[in-house]
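Since every read-out is calculated from the coordinates, none of them should be taken as a lab result. Just so it is clear, the structure is predicted and the values come from calculations on it, not from any experiment. We place every Cβ from the backbone using ideal geometry, glycine too, and count neighbours over all the protein chains shown.
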Amino acid sequence: DTMVRMVATLGGFLNRKSDGFPGPQSLWIGLQRAADFVLALEAQRSAGASYG
């Protein structure tokens with residue numbers, strides 16, 4: 001439940017007290033954004049390795 005809500009916050013879910021469980025759209029967008037963060041981190045690491 002906690003991990004699903006963390007991914008959903010990346011997709012725009014506000015996680016307020018009165019909100020229910022996140023829907024599929026916020027989860028889908030959150031997963032896409034998480035993948036973008038992974039790609040950015042890999043690019044940063046490879047750029048740092050080329051300078052070293």
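For Ser26, state whether it is surrounded by 12 or more Cβ atoms within 10 Å (Cβ to Cβ), assigned to a helix (DSSP H, G or I) and of a type in the set (Gly, Ala, Ser). Yes. Could you check Arg16 against (1) in a helix (DSSP H, G or I); (2) among the basic types (Lys, Arg); (3) more than 15 Å from the chain's Cα centre (by Cα) and say which number it fails? Of the numbered conditions (1) in a helix (DSSP H, G or I); (2) among the basic types (Lys, Arg); (3) more than 15 Å from the chain's Cα centre (by Cα), the odd one out for Arg16 is (1).
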